[in-house]
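Asks: Below are the structure tokens for one structure; questions will follow.
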Amino acid sequence: MIIIDRFENEKAVLETEDGTEIIMRCFLPADAEEGDVVIPGECGYTVDHNATEERRRAVSEKLRRLIEKND
């Protein structure tokens, strides 16, 4: 899974299973956001909206359980 970690000017920092990768931001869709799951292709990357939403839901659920555990 490849996730957009952050943007630094015209570059994007991606988190991959093997570590960090830096690419030019122009290889991502204009509406790509930090935290999006992306899929590499021949002409750049596309956002995997289903995987992104699933990942965000899982993180939200973990946070909710952690908050409830500490109450």
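The values are calculated or read from the model by the stated rules, or taken from the named source; none is laboratory data. Small disclaimer: the values here were computed from a predicted structure and weren't measured. FYI the Cβ positions are ideal-geometry reconstructions off the backbone, even for glycines, and counts take in every protein chain you see. Side chains are part of the model used for accessible areas, which takes the heavy atoms of the whole protein and leaves out ligands, DNA and RNA. Shrake-Rupley method; radii C 1.70, N 1.55, O 1.52, S 1.80 Å.
Asks: Test of the criteria: in the chain, which GluC sites (Glu not before Pro) are in a DSSP loop and have at most 10 other Cβ atoms within 10 angstrom of their Cβ? Walk me through the numbers on the way to the answer.
Replies: On the way: sites: E8, E10, E15, E17, E21, E33, E34, E42, E53, E54, E61, E68; in loops: E10, E17, E33, E34, E42.
Passing sites in the chain are E10, E17, E42.
Asks: Per residue of the stretch 34-44, what does 6.51 cos²θ - 1.76 cosθ + 1.60 with θ = phi - 60° give for ³J(HN,Hα)? Whole Hz please, x for Gly and Pro, Karplus curve as stated.
Replies: 4, x, 5, 8, 10, 10, x, x, 5, 10, x
Asks: Heavy atoms only, probe 1.4 angstrom, no DNA, RNA or ligands counted: give me I2, I22 ranked by accessible area, highest first. Kindly include the intermediate steps, with their values, before the conclusion.
Replies: Working: I2 30, I22 105 Å².
Ranked from most to least accessible, the order is I22, I2.
Asks: Can you send over the carbon and sulfur percentage of the accessible area for the chain, probe radius 1.4 Å, protein chains only? Walk me through the intermediate numbers first.
Replies: Numbers: 2690 of 5430 Å².
Roughly 49 percent of what the probe reaches on the chain is carbon or sulfur.
Asks: By how many degrees, between 0 and 90 and to the nearest 10, does the Cα long axis of helix 49-70 differ from the longest principal axis of the chain?
Replies: Approximately 30 degrees, to the nearest ten.
Asks: For a Förster distance of 25 Å, can you work out the FRET efficiency between the beta-carbons of M24 and R55, rounded to the nearest 0.05? Write out the running numbers ahead of the final one.
Replies: Values: r = 24 Å, r/R0 = 0.95.
E between M24 and R55, to the nearest 0.05, is 0.55.
Asks: For Cα pairs less than 8 Å apart in space and 6+ apart in sequence, what is the mean separation divided by the residue count of the chain, i.e. the relative contact order in percent? Walk me through the numbers before you get to the answer.
Replies: Working: 93 pairs, mean separation 16.5, N = 71.
Across the chain, relative contact order equals 23 percent.
Asks: Accessible area per residue, 1.4 Å probe, Å², for the chain: what's the number? All intermediate terms of the calculation are to be shown ahead of the outcome.
Replies: On the way: 5430 Å² over 71 residues.
Spelled out: the 1.4 Å probe surface of the chain, per residue, equals 76 Å².
Asks: Which residue, D48, D18, D36, has the most motion in a Gaussian network model of the chain that connects Cα atoms within less than 10 Å?
Replies: D18
Asks: Another question, then. Calculate the all-directions average of the projected area of the chain's alpha-carbon convex hull, and give it in nm².
Replies: On the way: hull surface 22.7 nm².
Across all orientations, the chain yields a mean hull projection of 5.7 nm².
Asks: Which distance in Å, rounded to a whole number, links the C-alpha centroids of the stretch 1-35 and the stretch 42-71?
Replies: 17
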